[in-house]
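Read through the structure below, which is laid out as structure tokens, and then see the notes.
The values are calculated or read from the model by the stated rules, or taken from the named source; none is laboratory data. Owing to the predicted nature of the structure, the values given are computational and were not obtained by experimental measurement. Every residue, glycine as well, gets a Cβ built from its backbone with ideal geometry; the counts of neighbours run over all protein chains shown. Each accessible area value is taken on the protein alone, full model and side chains, heavy atoms only, with ligands, DNA and RNA left out. Shrake-Rupley method; radii C 1.70, N 1.55, O 1.52, S 1.80 Å.
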2 protein chains.
Amino acid sequence: MTLKIYLAGPEVFLRDARQVLDAKAALARAYGFTPLCPGDLEIPPSDTRRGMGQAISAIDEHMMNMADAIIANLTPFRGLAADTGTAFELGYMCAQGKRVYAYTNVADDHHQRLLAYYEGNVLEGEDGRSRGPDGLSLENFDMADNLMLQGGIERRGGALIVHRAAPDRLYTDLTAFEACLKAMSGA
Amino acid sequence: MTLKIYLAGPEVFLRDARQVLDAKAALARAYGFTPLCPGDLEIPPSDTRRGMGQAISAIDEHMMNMADAIIANLTPFRGLAADTGTAFELGYMCAQGKRVYAYTNVADDHHQRLLAYYEGNVLEGEDGRSRGPDGLSLENFDMADNLMLQGGIERRGGALIVHRAAPDRLYTDLTAFEACLKAMSGA
């Protein structure tokens, strides 16, 4: 039995989503795994947008339930942090005790991205925490995203692999994805 | 036995985090529930930032494992979408089959926020999907955030309650939080 890996990430929103997901699936197979991708299964029709969204949610959860592992693409998506759907899926698989791996194609860590977001306009408060002008504290745990994500991965013996991709290949560069496959195969 | 509810959300980053979390906990108790809050338990010391982050992750997961339910604050955080830590926690509780409720203090739905993000610069492609100038497709499922979050909640019989809070009370207005408590108590 080959390990079934759920491939989570915001690639589904790309114009060439199918090609990128196919390339990821092919790479996973080359390492001896069985990939499970969002979009692989047909979505039953629904009368409403809301119903359609729920149907996709049901199918993606079903695929995660079938999978033994996840590789989550945590590359920041439309902002500072990972895609929330991918974060949800990573939490879902952590709770099931599955094997959990992740990668990001942005090398600046969470704290560095927050400093850039606040344009350096950050002050240390009386409580010893750094805060932006909005009063919100800046996480600084030497991690790529919120501590629940990287903590959940590393505490389970998985890895979050960081790679600096070219800006125009942020969602298509598969270097770090392949490094996850390599780590999972013990190669 | 009262229902134990894990209170997830980005309040932990507020300057007055303790007061806001205490107010949420008091409200939960007023409805007959036992609140479990991030920050309630002492974090064991660690030599590194990374180790500290992992220790907090362990404690928060432990609290979720003890809880019967979650109320997740999905109010957009530093950008378009929910806090990724909260999204992770919602997925974690969905996978455990716990009772799942959520709220947001921003009434514009996910699609409306995306339209604002792209400043209306959105075109329908040949595949029938609306895309921004970056080529990324816009979700439009009549939902408050990514479909995995709201789908996961509603398919389990929970609810995501939407409220329009004043801009300066985005993370402190507890109207929608209380509506979740009311829904869970059957009141």
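Considering (1) under 19 Å from A:PRO10 (Cβ atoms); (2) modelled with pLDDT of 95 or more; (3) part of a helix (DSSP H, G or I), the lone condition that A:ALA165 does not fulfil carries the number (3). Any idea which of B:ALA82, B:ALA144 is open to solvent by less than 20 Å² (accessible area, probe 1.4 Å), touching a residue at least 24 places away in the same chain (Cβ under 8 Å) and facing another protein chain (nearest Cβ under 8 Å)? Being open to solvent by less than 20 Å² (accessible area, probe 1.4 Å), touching a residue at least 24 places away in the same chain (Cβ under 8 Å) and facing another protein chain (nearest Cβ under 8 Å) holds for just one of B:ALA82, B:ALA144, which is B:ALA82.
Within segment B:1-23, the set of residues being in a helix (DSSP H, G or I) and either crowded, with 20+ Cβ neighbours inside 10 Å or in contact (Cβ under 8 Å) with a residue 12 or more places away in the chain (or both) comprises B:PRO10, B:GLU11, B:VAL12, B:PHE13, B:ALA17, B:ARG18, B:VAL20, B:LEU21, B:ALA23. Scanning segment A:55-74 for residues that are closer than 18 Å to A:TYR103 by Cβ and touching a Pro at 6+ places or on another chain (Cβ under 7 Å) yields one hit, A:ASN73. If you go through segment B:39-73 and keep only what is more than 7 Å from every other protein chain (Cβ to nearest Cβ), among the β-branched types (Val, Ile, Thr) and either surrounded by 15 or more Cβ atoms within 10 Å (Cβ to Cβ) or in a helix (DSSP H, G or I) (or both), you end up with B:ILE59, B:ILE70, B:ILE71. For B:ALA102, the criteria (1) at the interface with another protein chain (Cβ under 10 Å from one of its Cβ atoms); (2) touching a residue at least 60 places away in the same chain (Cβ under 8 Å) hold in every case but one, which is (1).
Looking only at segment B:24-38, residues that are part of a loop (DSSP other than H, G, I, E, B) and either over 23 Å from the mean Cα position of the chain (by Cα) or hydrophobic (A, V, I, L, M, F, W, C) (or both) come to 2 in all. Among residues of segment A:37-62 that are closer than 22 Å to A:CYS94 by Cβ, those with a Cβ under 6 angstrom from a residue that is among the aliphatic types (A, V, I, L, M) and open to solvent by less than 70 Å² (accessible area, probe 1.4 Å), sequence gap 6+ or separate chain, pair up as A:CYS37/A:LEU7; A:CYS37/A:LEU21; A:CYS37/A:ALA25; A:PRO38/A:VAL12; A:ILE56/A:ILE43; A:ILE56/B:LEU147; A:SER57/B:LEU147; A:SER57/B:MET148.
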